[in-house]
Amino acid sequence: MHRCQLHLLVILVCCAGTTVSTGCTDRNRVRRPDFWPFSRNTSDKVPGIPSPAERIAVLRKLGQKAAWAKPAEQEKISSELAASFQVEADPLIRVEIVRAISGYPTAAAASVLDAAVHDSDSDVRLAACEAWGERGGPEAVAKLSEALASDVDTDVRLMAAQALGNTGDAGAVAALGQALEDRDPAMQYLAVRSLRQVTGEDFGNDVNQWRQYAKGEMPTPSAPVSVADRIRRLF
C-alpha cells in the first residue's frame, strides 16, 4: 500500500474508533477491518501455493546438492531448474535459480547462466556474472568479457571485472586491459586487482603500467602524479 494511503487509513480508523468509544455501546462498536495493516497474524502464504521464502529455501537446498549429487541426478536437477528459469516472472527467484544451478557442471546450467547474463533485471545479471566467475573456463571469460564491455549497468560491469579475476584465466587480460580505459576509479581498481589474479604479475596500482602490459608492451613506471592532478582527472 502507498505510504500516503496507509497514513490516511490509520487516521480514518482512529477517528472511527474515537467516535464509537464516545457515542456507542460495546455491542455496536465497529469491528477492526480484516485488512488492518498491523495485524500480528499476517502471512504471505496462500493455501496450496508455496511462498517466496519457501521456494527460495528449496532452491538453496538444490544448490547444495551440486557438490555431491551423482551425474544423473545433476542432469535431472539442472534440467528442472532450467525449465523453471525460463518461465519465472519474479527476478528474485530467478536470482536464486542462477545461484542454485551455478554449481552444476551440465549443459543445462551453462544455458541458464548464458540467458541470465542477458536478463532484463540487473540483479539477475549480477548473479550470473558472479556464477560465471566461479565456473571459470574459456566460456566464462567470453561471457564476462561481453558483460564488461557492453552491459548498461555500472554495477554489473564492476562485477564482471571482479569475476574475470576469479576465473584465474589469462584469457581475460585483453578485456581487463580495455576496462582500464574507463575513467571510473572503482573500475580501474577492480581491473588491476583481477589482472594480478590472472597473470601473477604486480605493477602496484600504476594503471599505465598495467595498460602497457595488457597491450603486450614493456611496462615502464609512470611519472609521479600530484593529488591535485588526480582529482582533476576525475572531472
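No lab work stands behind these numbers, since they all come straight from the coordinates. Here the structure is a predicted model, which means the values were calculated and not measured. Glycine also receives a Cβ, built like all others from the backbone with ideal geometry; neighbour counts cover every protein chain displayed.
Key figures for this structure:
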read-out	value
In sequence order, calculated HN-Hα J values of region 57-72 (Karplus, 6.51, -1.76, 1.60; Hz; x Gly/Pro)	4, 5, 4, 5, 5, 5, x, 5, 5, 4, 6, 10, 5, 6, x, 5
Whole-Å semi-axes of the ellipsoid equivalent to region 158-212 (Cα gyration tensor, √5λ, descending)	14, 13, 9
Check: region 136-235 dipole with +1 on Lys, Arg Cβ and -1 on Asp, Glu Cβ, in debye	300 debye
Near-label residues of region 131-159 by backbone N, under 18 Å of a point 7 Å along Cα→Cβ of residue 120	152-153
Dipole of region 80-172, positive end: most advanced residue of 141, 101, 83 [Cβ charges, Cα centre]	141
Cα→Cβ-extended label distance, 7 Å offset, between residue 64 and residue 51, nm	2.0 nm
At most 11 other Cβ within 10 Å, DSSP loop - chymotrypsin sites (Phe, Trp or Tyr not before Pro), region 166-227	none
Distance (nanometres) between label positions extended 7 Å along Cα→Cβ at residue 206 and residue 193	2.2 nm
Prolate/oblate/rounded call for region 52-116, Cα gyration tensor, a/c under 1.5 rounded	oblate
Mean Cα-pair separation over length for region 136-235, i.e. relative contact order, pairs under 8 Å, 6 or more apart, %	22 percent
